[in-house]
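Peer 1: Okay, handing you the structure first.
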Amino acid sequence: MANDDKIALTGKTARELAEALELKAYQGRQLFQWLHKRRVFDFERMTDLPKSLRERLRAECMPAQLAVIEMRESPRTGTRKALLQLPDGEAVEAVLIRDGERLTVCLSSQVGCPLQCAFCATGLAGFTRNLSPGEIVEQALHLLVGEDLEGRTPNIVFMGMGEPFRNYDAVMSAIRLLMEADGLGIGARKITLSTAGEAKAIERFAWEGLQVRLSVSLHAANDALRDRLVPLNRRYPLDRLREAIETYTHESGRQITFEWTLLEGVNDEPHHARELLEYAGGLKAFVNLIPWNPVPGMPFQPSTKQRAQAFRDVLVEGGVKATLRAEKGQDIDAACGQLRRTRAMEARAASAGTPETGQGGSVARASRP
Ligand code: SAH
C-alpha cells in the first residue's frame with residue numbers, strides 16, 4: 001500500500017482508533033498508549049498486541065505522520081529543537097525547553113503564518129496550510145521520545161509557527177488528545193494558547209469550558225504602533241481586543257498573560273511601559289517580557305538587559321506582575337520560524353556552492369520511524 005493511502009493514527013482517540021481499525025475497545029486503548037504514553041512508533045515493539053494485528057497495522061497504517069529532518073540540542077541549555085517533515089513534504093518546527101526539572105514543549109499550529117508580525121521570522125515565508133490534530137500532537141510526541149516523564153508532566157505552549165486561533169478546531173482536538181489520560185495526560189492548566197489577538201476566537205474560547213491558559217501577544221498598547229508591529233490590530237484594535245479579553249476573563253474566571261517582545265527603541269521606552277501598565281492593569285493581566293530573538297535582515301535590535309529591567313520596574317511599581325524571560329534558544333535558532341528559514345538559506349547557499357554556515361548546537365539527523 002502506498003504511504004498516502006495508509007491510515008494516520010496519531011490524530012485519533014483510542015475509541016476512534018478502535019472504530020477505524022475494527023479493533024476491540026481495549027486494543028484501541030493499547031495502541032493509543034503505545035503511541036502517546038510510551039511514544040513508540042514501531043509496531044514490532046507493541047508486544048501486547050497479537051502478531052497478526054501488528055502485521056496488519058504495518059501494512060495499513062502510518063504509525064507516525066512526521067519525520068524528523070533535524071534535531072538540534074543546545075549544549076548550553078539542553079533546549080532541543082526539531083524540524084519535522086509533514087507527509088506532503090512541508091516542514092514545521094517544535095521546541096523542547098528545559099528549566100531545571102521542568103519541561104516545556106512549544107508547538108506549531110500552522111505551516112507558515114498568515115499574520116505577518118513585523119519582527120517574526122515565520123510570517124516572512126507566508127502561509128501554506130493548517131496542521132491537522134495529529135500533526136500538532138505528534139510534534140510533542142517526537143520531542144519527548146526517550147524523556148522520563150515520571151512525576152513531571154511537561155507544559156505545552158502554542159508559541160511555535162502559526163496562529164492557533166486561525167486553526168481553531170484542529171487545535172482544540174489536539175489539546176484534547178494531549179490531555180487524554182491514556183496518553184501524555186497533560187492537565188489543561190499546563191497548556192497555554194497564544195494568540196496575536198483574534199478577538200472573535202478569544203470570545204469563542206471563553207465558552208469552550210477548558211481550563212487552558214491564554215496568552216495574548218500585545219507588543220504595543222497604542223494602536224498606531226500596534227498596527228505596525230501586529231497588523232492584525234487593524235482588524236481588532238486595542239479597544240475591541242480589550243472587550244474580548246473582558247468577556248474571556250468574565251466567562252472563564254481566568255486571568256490572561258500579555259506577551260511583549262522587547263524591541264530596542266521601538267516598544268521599550270518608559271512611556272510604552274506606562275501605556276501597557278494602564279491596559280494590563282484594567283484587565284488584571286500578567287505580563288511576560290521576552291527579549292527579541294534576532295532575525296537576520298530585520299530592522300530591529302533586542303533591548304539591552306538594563307532597558308528590559310527598567311521596563312519591568314515600571315510595570316511592577318505600578319502593580320502589574322511582570323516576568324522577564326531568559327532567552328534559551330538563540331544558539332539553535334529556537335525562535336519562531338527561524339530554523340526552517342536558516343535551513344532554507346543553507347540549502348540555497350549549498351546549491352550556489354558556498355559552504356554551510358554553522359549555527360551552533362549539535363545536529364542529529366533521523367528519518368520517519
Ligand atoms: N501567533 C501566535 C503564536 C505564535 S508566536 C501569537 O502571536 O501569539 C509566539 C510568541 O513569540 C508571540 O508572542 C510572538 O509575537 C513572539 N515572537 C515571534 N517572533 C519572535 C522573535 N523573533 N523574538 C521573540 N519573540 C518572538
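Peer 1: Give me the pairs, please: first residue somewhere in segment 121-150 and assigned by TED's automatic domain parsing to the domain that holds L193 and among the basic types (K, R), second residue anywhere and open to solvent by 10 Å² or more (accessible area, probe 1.4 Å) and part of a loop (DSSP other than H, G, I, E, B), beta-carbon distance under 8 Å, and either six or more positions apart or on two chains.
Peer 2: Pairs that qualify, where the first residue is assigned by TED's automatic domain parsing to the domain that holds L193 and among the basic types (K, R) and the partner is open to solvent by 10 Å² or more (accessible area, probe 1.4 Å) and part of a loop (DSSP other than H, G, I, E, B), are R129/E90.
Peer 1: Would you confirm, using the coordinates I've provided, whether A224 is in contact with a Leu (Cβ under 6 Å, 6 or more places away or on another chain) and modelled with pLDDT of 95 or more?
Peer 2: So A224 does not fit the description; no.
Peer 1: If I filter segment 188-208 down to residues being open to solvent by 10 Å² or more (accessible area, probe 1.4 Å) and within 14 Å of V157 (Cβ to Cβ), which single residue comes out as nearest to the ligand (Cβ to nearest atom)?
Peer 2: S194
Peer 1: Just need a number here: residues in segment 1-15 that are surrounded by fewer than 18 Cβ atoms within 10 Å (Cβ to Cβ), touching a residue at least 12 places away in the same chain (Cβ under 8 Å) and assigned to a helix (DSSP H, G or I).
Peer 2: 3
Peer 1: Okay, moving on. Quick check on this structure: which one of L107, L149, L115, L143 is within 25 Å of W292 (Cβ to Cβ), more than 16 Å from the ligand (Cβ to nearest atom) and of a type outside the set (G, A, S)?
Peer 2: Exactly one of L107, L149, L115, L143 is within 25 Å of W292 (Cβ to Cβ), more than 16 Å from the ligand (Cβ to nearest atom) and of a type outside the set (G, A, S), namely L143.
Peer 1: Take the conditions assigned by TED's automatic domain parsing to the domain that holds L283, assigned to a helix (DSSP H, G or I) and either open to solvent by 30 Å² or more (accessible area, probe 1.4 Å) or among the aliphatic types (A, V, I, L, M) (or both) and apply them to A224. Does it pass?
Peer 2: In short, yes.
Peer 1: Which of the residues spanning segment 68-82 are closer than 9 Å to V95 by Cα and open to solvent by less than 10 Å² (accessible area, probe 1.4 Å)?
Peer 2: Matches in segment 68-82: T79, K81, A82.
Peer 1: Quick one: T122 ticks every box in (1) modelled with pLDDT under 95; (2) in contact with an Asp or Glu (Cβ under 7 Å, 6 or more places away or on another chain); (3) within 15 Å of the ligand (Cβ to nearest atom) bar one, so which box is it?
Peer 2: (2) is the only condition that T122 fails.
Peer 1: Could you tell me whether segment 125-132 includes any residue that is of a type in the set (A, V, I, L, M, F, W, C) and modelled with pLDDT under 95?
Peer 2: Within segment 125-132, one or more residues are of a type in the set (A, V, I, L, M, F, W, C) and modelled with pLDDT under 95.
Peer 1: OK, next. Can you tell me which condition R29 does not meet? The list is (1) under 19 Å from L178 (Cα atoms); (2) open to solvent by less than 60 Å² (accessible area, probe 1.4 Å), and all the others hold.
Peer 2: Only one criterion is unmet by R29, namely (2).
Peer 1: Could you grab me the full set of residues in segment 136-181 that are over 26 Å from R72 (Cα atoms) and open to solvent by 30 Å² or more (accessible area, probe 1.4 Å)?
Peer 2: Correct list: R166, D169, S173, R176, M179, E180, A181.
Peer 1: A follow-up question, please. Could you please give the count of residues in segment 265-285 that are open to solvent by 70 Å² or more (accessible area, probe 1.4 Å) and either under 30 Å from E208 (Cβ atoms) or within 13 Å of the ligand (Cβ to nearest atom) (or both)?
Peer 2: Result for segment 265-285: 2.
The values are calculated or read from the model by the stated rules, or taken from the named source; none is laboratory data. Just so we're clear, the structure is a prediction, and the values are computed from it rather than from any experiment. Note: ideal-geometry Cβ built from the backbone for every residue, glycine included; neighbour counts use all protein chains shown. To get the accessible areas, we keep the full protein, side chains included, count just its heavy atoms, and leave off ligands, DNA and RNA. Shrake-Rupley method; radii C 1.70, N 1.55, O 1.52, S 1.80 Å.
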